[in-house]
6 protein chains.
Amino acid sequence: MRPSGRSLNQLRTVSIETGVTKHAEGSCLIRMGDTHVLCTATIEEKAPPFLKNTGLGWVTAEYGMLPRATNTRTRREAAAGKQSGRTQEIQRLIGRALRAGVDRSALGERQIVVDCDVIQADGGTRCASITGGWVALRLAMNKLLKAGAISSDPMLDHVAAVSCGIYAGQPVLDLDYLEDSAAGTDGNFILTGAGKLIEVQMSAEGATFSRGEMNELLDLAGEGIAALVVAQKAALA
Amino acid sequence: MRPSGRSLNQLRTVSIETGVTKHAEGSCLIRMGDTHVLCTATIEEKAPPFLKNTGLGWVTAEYGMLPRATNTRTRREAAAGKQSGRTQEIQRLIGRALRAGVDRSALGERQIVVDCDVIQADGGTRCASITGGWVALRLAMNKLLKAGAISSDPMLDHVAAVSCGIYAGQPVLDLDYLEDSAAGTDGNFILTGAGKLIEVQMSAEGATFSRGEMNELLDLAGEGIAALVVAQKAALA
Amino acid sequence: MRPSGRSLNQLRTVSIETGVTKHAEGSCLIRMGDTHVLCTATIEEKAPPFLKNTGLGWVTAEYGMLPRATNTRTRREAAAGKQSGRTQEIQRLIGRALRAGVDRSALGERQIVVDCDVIQADGGTRCASITGGWVALRLAMNKLLKAGAISSDPMLDHVAAVSCGIYAGQPVLDLDYLEDSAAGTDGNFILTGAGKLIEVQMSAEGATFSRGEMNELLDLAGEGIAALVVAQKAALA
Amino acid sequence: MRPSGRSLNQLRTVSIETGVTKHAEGSCLIRMGDTHVLCTATIEEKAPPFLKNTGLGWVTAEYGMLPRATNTRTRREAAAGKQSGRTQEIQRLIGRALRAGVDRSALGERQIVVDCDVIQADGGTRCASITGGWVALRLAMNKLLKAGAISSDPMLDHVAAVSCGIYAGQPVLDLDYLEDSAAGTDGNFILTGAGKLIEVQMSAEGATFSRGEMNELLDLAGEGIAALVVAQKAALA
Amino acid sequence: MRPSGRSLNQLRTVSIETGVTKHAEGSCLIRMGDTHVLCTATIEEKAPPFLKNTGLGWVTAEYGMLPRATNTRTRREAAAGKQSGRTQEIQRLIGRALRAGVDRSALGERQIVVDCDVIQADGGTRCASITGGWVALRLAMNKLLKAGAISSDPMLDHVAAVSCGIYAGQPVLDLDYLEDSAAGTDGNFILTGAGKLIEVQMSAEGATFSRGEMNELLDLAGEGIAALVVAQKAALA
Amino acid sequence: MRPSGRSLNQLRTVSIETGVTKHAEGSCLIRMGDTHVLCTATIEEKAPPFLKNTGLGWVTAEYGMLPRATNTRTRREAAAGKQSGRTQEIQRLIGRALRAGVDRSALGERQIVVDCDVIQADGGTRCASITGGWVALRLAMNKLLKAGAISSDPMLDHVAAVSCGIYAGQPVLDLDYLEDSAAGTDGNFILTGAGKLIEVQMSAEGATFSRGEMNELLDLAGEGIAALVVAQKAALA
């Protein structure tokens, strides 16, 4: 029934390749089917001004799409002179999600910037950015630990994200672009490795949904996240 | 226990005053305690270009805060030269929420712009904007109906929004600024008059939450929205 | 003869309500007929850099209009990405006018920002902003005096403003929008409580005027300002 | 008494050289002492959109300063990414002033853009821009008349501008930079060749002035404008 | 002698992988050693306005760098709100270079946009962009030819680019970042498959060079380009 | 054969007038035929941040065109809100060229900003800016030397620039606008007084050129630069 032939609770093929750029302190290329996102983590030995003398660190994220990551070319935001509302919304979400998995006191007064750049888009780019961004962040933290810059691990748990939605009347896991365009109700679910919720965003563009539907999607998301965490572990092994 | 002395499931005092500006096709000043938002609806007899020849209309929203709506002065966005990511995120949310309550085919190829300007802020400005924005929209639709510009009512149901969160370990309804700053987990809930869900956004800045907590907040939100719908009806009566 | 039925030297109904927002150090809502402007004064304990070590303070102003303050919706300046030339011209005028009434040495090295936001426009918004802005500024100064932050009152005199013009061949006081649109010659007059001139701006869009006409408008302005100063005093009493 | 040794009612040496650039339809370099402004007029065979089908033309102005026109280098506005409030205020003033001398119906649906670029500044750049801009405009109109594009002359009268102020307690004509910086009260006066007033802008930065002083400055301005009109005529002869 | 151990006239390892994104009409990932650039070509069935009714097409280019393509993170241009002078200079160069290899009349009134996004930088990104961009363009042209949209091939010849410079007193081919930072004199050379020159840009930051040195670099460039054209052919085979 | 009747290796009439503005530390108006550029040099007693504690100075340049320097009016960049790619490319070139003639260690930690503003354009504005900018820079250096702020002359040699191209099949020196528009191949050549090369930029918009043609243009450029250096010397004498 799904355009891709997947079963309702089946993720797309996940691949997380680490160490893909020579400069970044942490990096990976995550592929969720045809959605490919390059994630890099940069360590900056200075926290943002509002954290001065708090002993706390910061994790933030930026998001971008290459102009031809999409089916028709999207105008380059640098040429347009500003980031769209969509871009800003997504990068704020990625940053919040990753911070939820970090003990900012253990990190100390430094900042890690996670850049998520979509090389090819087929739905679910913000979720892939979170799942891959976490791996890049983990690698950068490993570097800090190894270098002795920090003494205890600031990473509290895995963080991963997946979208689910009602497609053709059925709750499905990990929407691709075709499904995403057609789904009335969908949501993004960000969970920890232990299955706790970090963020839930459900909406029904021009429609409504029930708590029953919401629970079905939450169940699916839980299954999907568990599999994504396994993929994260494998990539880091 | 709550700083305001309210009980856990008690809304702030709600007041919705309609017809507050002489120019707008619909307007109201909504007060949720010390949060005051001026909402106006403007009818434009032209839909956005992407709807050309579709027969469908559009509802969109813009959001702003007066510089001294907040405890310390916030820089004027017009002077800064751009809307912040927060502003864009909020106005996209308001627009989506209001569109969920409108039959865009009955509206026809015209656009209604709902402006929500926060005169004074004490938490929950985006929710107050949605609840008040819906009243302004309703009044503008009444005007179109009365003028015979449209023949059937495009308004499908009431739309209202409220925030809930875990404050001091307890689920509470309609967070004010003090509660909002301290709450680990909170969410914005947008529902219809019939109690259907339009949008759910829950997050735990730097923490996590469980499905049990989520359900408690959803229950509270349902109660709150029911009361807000009563207030909307009273304001329009 | 005037659209409003007012006599030639009659102000619109003036109302100045103080203390209208809970956050600002001084605030008022001034209504000149259907022109409504919210004025707030914010005390900042730091003067602008160019005053460093001079012992002098600064008073500045910002001006904005809600998008639907006008008869047809005006594009939000924050969305447009810049303040119009008109906005900048007006806020520079308000700042200069208010500074003329302040002993900047008695204020000391701090800044007061007066925000004037037009909630509803019917002509004369810049004049109303000055008259109301002065009240907000006075209230903020009172707060500084009461707190002992300054020892002598920096306020030298009242400052108020009014527009006058030649409408249908007659000099009239306090133009509303209909008169303003039709007047060949008009001017903005800013005076002190003692009747001294602070700023005079007269122009004749696409026409000319004589010194005789100028003097007639100055006479009218003097009358109007005297009445506005009475209203300022009453609001503060 | 004046830094330049001029008498109270003495203009700086005025020189208006026409035809200074080969491309513009009208051009001149005006020198008021050490203030030098290059003025060009460009004819565009299309009026602005808001005049479509009105039969009326438009005259507008833009103003700029070369970065080192001033004593210390001023940041280039093109590099800063926006025109300052001061620049916008000045160019709006120049445009209004020039329009007051033009019968826009005789001009027909076309636009003339007058560019005023300050090559060297020593006070009074906006007034020099108006006086010189009028000459460039006159030359462009001559070109239209000669080419038969318009049949009757749209120029109603000369337009010229001068600043006056109270310097060291005395009313003086045509302030240079030293005087302008020290003057408590000053004003810009725009008059026609027939001595009618187009615009009067008087202000007292941080001080006040009387109607008596105002009249003295107006008298001086009248004298100065008469001499400037003679200079305009000589330049065009 | 070279940091990489390469001989003076040795290119870095070149790899051009085609078809790397599923959306673009033409694409490749070019690797010149550690410099990796993703090139995509997008066909737009509308030429820019200035070519309306000329029968001519257009080829243009845009260039970007992922923030962490570099050794230390570079600020995202979309966040900064504008493209740097360097970026604009480079993308104008790429566009000119590619147009030199195209018969714009055979292309017809359509536009091809070549996006060059640097995934990892180690010197020579603009040259790699041209060499790879040509391959993406070639593939897009093939698509147009195959679809019958154009009848004759608009591609006149191969276009490729390489940098050369004087490093440690010796002329060397294909500078990497270490060499580029240290070279006094260097240049970018754009040639056709037949060895004709399209563009030569030589400069000596803070120094000078002789015509003899220039000729040595031109000789090296000729060798390098010949090898790059072989690599382009192999990639397309 | 040339539109101007000049012989193939004939420069336009060159005129360099120094001391044209009273404020700048160095200034000249250079005229290359109908191309007129005002060049000013400003001494700033602070080097850019990246040179802090290096003992090195900096020379940079900015470039602009008055709106009506061109045949049809060009939009003012300050009004457009940004400098075009062309402007940025040119001002980067001017800066690099001038730095090549300066011993930045002898200059010490200060900056000289050279502003080149085109008053009238007829081709070759970037070359005229370099040739004239060098004269302004020389004058500013003289001022520093005379004041004893620096002890040894930082100027290493003259720097001048000229364009050459293939026009109507013939190599010609110093293209004017008509020739520049028609030339297939052209280049900008920046040389020192001793005839050493600083920068060579040759391109063939939509075409190609040979090394033979390149050498012919280089020969012409050498002749032209020698004459320009004579003109620089004469202007400074």
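Between A:SER181 and C:LYS196, the modelled label-to-label distance comes to 7.1 nm, taking each label 7 Å out from Cα in the direction of the beta carbon. Between this copy and the others, label points of E:GLU17 are 0.5, 6.4, 6.5, 6.6, 6.7 nm apart in ascending order, each placed 7 angstrom from Cα in the Cβ direction. Distances between copies of A:GLY195, taken at a point 7 Å out from Cα along the Cα→Cβ vector and listed shortest first: 2.9, 7.2, 8.5, 8.5, 9.6 nm. Among E:SER152, B:SER15, a tally of other beta-carbon atoms within 10 Å of each Cβ gives an order, fewest to most, of E:SER152, B:SER15.
Can you give the Kirkwood hydrodynamic radius of region F:75-125 from its Cα pairs, in Å with one decimal?
13.2
Projecting label points 7 angstrom from Cα along Cα→Cβ for B:GLU17 and E:GLU17 puts them 6.6 nm apart. Place a point 7 Å from the Cα of B:GLU45 along the Cα-to-Cβ direction; which residues of region C:62-96 have their backbone N under 18 Å from it? Output list for this probe position: C:71-74.
FRET efficiency for the pair A:SER84 and A:ASN215, taken as 1/(1 + (r/R0)^6) with r the Cβ-Cβ distance and R0 = 35 Å, rounds to 0.60. Look at the alpha carbon pairs under 8 Å that are at least 6 residues apart: their mean separation over the length of chain E gives a relative contact order of 22 percent.
Please rank B:ASP117, E:ASP115, fewest neighbouring Cβ atoms within 10 Å first, as an exposure proxy.
B:ASP117, E:ASP115
Normalised size of region D:14-236, defined as Cα radius of gyration per 2.2 N^0.38 Å with N residues, equals 1.01.
Taken over region B:1-91, the ratio of Cα radius of gyration to 2.2 N^0.38 Å equals 1.43. 3J(HN,Hα) couplings calculated from phi for region D:52-69 with the Karplus curve 6.51 cos²θ - 1.76 cosθ + 1.60 (θ = phi - 60°) are, in sequence order, 3, 6, 9, x, 9, x, 9, 10, 9, 9, 10, 10, x, 10, 4, x, 9, 5 Hz; Gly and Pro show x. Would you mind checking the tilt of helix F:211-236 against the longest principal axis of the Cα atoms of chain F, expressed as 0 to 90 degrees and rounded to 10? Relative to chain F, helix F:211-236 is tipped by roughly 50 degrees. Of all chain E residues, the closest to the E-onto-C rotation axis by Cβ, with that distance in whole Å, is E:GLY81, 5.
Comparing B:VAL102, B:GLY195, B:GLY169 along the charge dipole axis of chain B, the residue lying farthest to the positive side is B:VAL102, per the Cβ-charge model. Annotation for region A:1-45 versus region E:174-222: alpha-carbon center distance of 39 Å. Counting pairs of alpha carbon atoms under 8 Å apart in space and at least six apart in sequence, what relative contact order in percent does region B:161-237 give? After rounding, I find 31 percent.
Relative to the compact-globule estimate of 2.2 N^0.38 Å, the Cα radius of gyration of region F:79-178 comes out at 1.28. With its label point put 7 Å out from Cα toward Cβ, D:LEU145 sits 5.5, 6.2, 6.4, 6.4, 8.7 nm from the same residue's point in the other copies, in order from shortest. With respect to chain C, whose longest principal axis is taken over its alpha-carbon atoms, helix C:85-99 is tilted by about 60°. Highest mobility in the GNM of chain B, judged by mean-square fluctuation with C-alpha springs under 10 Å and restricted to B:ASP176, B:ASP103, B:ASP186, is found for B:ASP103.
Among the listed pairs C:LYS82/E:LYS22; A:LYS22/E:LYS196; D:LYS146/E:LYS52; A:LYS52/A:LYS143; B:LYS52/E:LYS52, a Cα-Cα separation exceeding 32 Å is found for C:LYS82/E:LYS22; A:LYS22/E:LYS196; D:LYS146/E:LYS52. Residues A:THR42, D:THR18, B:THR72 in ascending order of nearby Cβ atoms (within 10 Å, fewest first): B:THR72, D:THR18, A:THR42.
Stokes-Einstein D for the protein assembly as shown at 10 °C, 1.306 mPa s, Kirkwood Rh over Cα pairs, in µm²/s? Using the Kirkwood radius from Cα pairs, D works out to 45 µm²/s.
Remark: relative contact order (region A:95-222) = 24 percent; criterion is Cα-Cα distance under 8 angstrom and separation of 6 or more residues. Along its three principal directions, the equivalent ellipsoid of region A:175-215 from the Cα gyration tensor extends over semi-axes of 21, 14, 8 Å, largest first. Helix C:125-146 and the longest principal axis of the C-alpha atoms of chain C enclose an angle of approximately 20°.
Each reported figure results from applying straightforward, stated rules to the coordinates on display, with no laboratory input. These numbers were taken from a predicted model, which means no experiment stands behind them. Note that each Cβ is placed from the backbone with ideal geometry, even for glycine, and that neighbours are counted across all protein chains shown.
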